[in-house]
Amino acid sequence: MIGLVMLAVLVLLAVFAPLFISYKDEVIKQNIRMRLQPPSWEHPFGTDQYGRDVLKRIIWGARISLSCSLVVISVATLLGALFGSISAYFGGKIDQVIMRIMDIFYALPFNLMAICVVASLGNSIVNLGIACIVGVVPGFTRIFRSAILPIRGQEYIEAARACNTSHFRIITKHILPNALGPIIVQATLNLAVTIIAIAGLSYIGLGVESPMPEWGTMLSDGREYMRSYPYLVIFPGLAIMVAAMSLNLIGDGLRDALDPKLKN
């Protein structure tokens, strides 16, 4: 519940940010006369080297980080469901081919593979999302496969086959709904991983570029002023930490709620 409250606050701020913060006038517009102002009542998180309010940029940055992560996990879940279902349901050579391909991608470190994808496709939000999807899909495929393997041999699946039900209907109507428990937990935990990955790639210049207020980009922009103006990196770092911690807490709570073995 603590994680849910934290995430709800971030989501509400991200959703309603355009209503009380002007992107052009308050988020990306430079005001050199107000540069590097310490935290105050007027600017609770201070201002950056271009005179932009750090708090407003962090709030608007939540829109970028959360929306990008949500899109990445949604697409990765769909692809993982597709590959994992086909692999587990049909088995045999199809299973071997799909899983060996996933093992190749899974063997590569996530960050290294994401860097290679962004470096080859170019620097943009879309390519950053593609890089994260490529890194996350193998994990989802393995989770789907492991969740479906014990289900495919159940009696109700055999009954559906005996009734000449199509493979597509068996997978979508009978198998996937009964395998959603671990998938929901995996998706929630991977949201946190994706937020950190997007911030990390943006920090090294392979993600969202300035002046867009992504949290990793804000960390990168403020590292030169870290000793004299530490708030430029403390507050964006705290935003990343709060978002990741809230999702991890929610994932742990969902795991406890959806796993009957953990219930008293």
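The values are calculated or read from the model by the stated rules, or taken from the named source; none is laboratory data. Not measured: the values here are computed from a predicted model. As a convention, Cβ positions derive from the backbone with ideal geometry for all residues, glycine included, and neighbour counts pool all protein chains shown. The accessibility values were calculated without ligands, DNA or RNA, using every heavy atom of the protein model including side chains. Shrake-Rupley method; radii C 1.70, N 1.55, O 1.52, S 1.80 Å.
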Cα-centre dipole for the chain with unit charges at Cβ (Lys and Arg positive, Asp and Glu negative), debye to 20: 340 debye
Highest-first arrangement of 98-104, 133-139, where packing means the average Cβ count within 10 Å: 133-139, 98-104
Under the Karplus relation 6.51 cos²θ - 1.76 cosθ + 1.60, θ = phi - 60°, what is the ordered set of whole-Hz ³J(HN,Hα) values for the stretch 143-156, x standing for Gly and Pro? 5, 4, 4, 5, 6, 8, 3, x, 8, 4, x, 5, 5, 5
At the level of C-alpha centres, the distance separating the stretch 191-219 and the stretch 99-170, in angstrom, is 24 Å
Could you check how much of the accessible area of the stretch 61-111 is carbon and sulfur, as a whole percent, using a 1.4 Å probe? 77 percent
Difference of contour (0.36 nm per residue) and Cα-Cα distance, V75 to T165: 29.7 nm
Any chance you could run the full-extension gain for R33 through V126? It's 0.36 nm times the residue separation minus the Cα-Cα distance, nm to one decimal. 30.0 nm
I'd like the accessible area for I240, computed on protein heavy atoms only with a 1.4 Å probe and all protein chains in place. Round to 10 Å², please. 20 Å²
Shape of the stretch 4-86, Cα gyration tensor, a/c cut at 1.5: prolate
Using +1 on the beta carbon of Lys and Arg, -1 on that of Asp and Glu, and nothing else charged, what's the dipole of the stretch 104-189 about the Cα centre, debye to 20? 140 debye
Karplus-derived 3J(HN,Hα), 6.51/-1.76/1.60, for each residue of the stretch 46-52, Hz, glycine and proline x: x, 10, 8, 5, 10, x, 8
Using amide H atoms built 1.01 Å from N in the peptide plane, name the residues 5+ places from Q49, or on other chains, whose amide H lies under 5 Å from its own. L36
Taking the Cβ-Cβ separation of K93 and N248 as r and a Förster radius of 35 Å, what is the calculated FRET efficiency to the nearest 0.05? 0.35
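What's the ranking of 154-162, 196-204, 43-51 by average number of surrounding C-beta atoms within 10 Å, highest first?
Working: 154-162: 12.4, 196-204: 22.4, 43-51: 19.3.
The densest-packed peptide leads the list: 196-204, 43-51, 154-162.
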Helix 180-203 vs. the chain, principal-axis angle (Cα, 0 to 90°, nearest 10): 30 degrees
Rounded to the nearest whole Å², what accessible area per residue is found for the stretch 1-154 with the 1.4 Å probe? 53 Å²
